[in-house]
C-alpha cells in the first residue's frame, strides 16, 4: 500500500468490518433527512458503499416515510415498483435536484 496516496497517510486510514454479501457495507443505526429521523432500529442495518452506485437501500417499512419527506423537497420524485422492489426515481438528472435534497 502506498500511504502517499492516502489523505493523512497511514493515520488517514479507518478500518471497518464489512457487513455486505455482494457489496461493501457498513453498519447503520440511524438515518436522518432534513433533520428528521427516518430510520431508527434496534439492530444494525447494512449501508452499501459503492462509488459506482447512487442507491440508498432501506428496509421496506421505512421506504415510504423517506420518500414522502424527500417528495416535499423535490416534486419530480416518483416510485417505480417491480415484483420485488420499490425504486425512487426522478424525472430530472441528479445535478438538477441535488441542491433541493
- For the Cα atoms of the chain, what angle does the longest principal axis make with the long axis of helix 60-73, in degrees from 0 to 90, nearest 10? 80
- Message: Given the DSSP H assignment, sum -39500 (n - 2.57) over each helix run of at least 4 residues in the chain and divide by its residue total; what's the result at 222 nm in deg cm²/dmol, nearest 500?
- Response: -5000 deg cm²/dmol
- Output the peptides 85-92, 64-71 sorted from most to least packed, where packing is the average of other Cβ atoms within 10 Å over each peptide's residues. 64-71, 85-92
- Normalized C-alpha radius of gyration of the chain, against 2.2 N^0.38 Å? 1.30
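Quick note: the coordinates plus some simple rules give every number you see, no bench work behind them. Not measured: the values here are computed from a predicted model. No Cβ is skipped: glycine too gets one built from the backbone with ideal geometry, and neighbour counts run over all protein chains shown.
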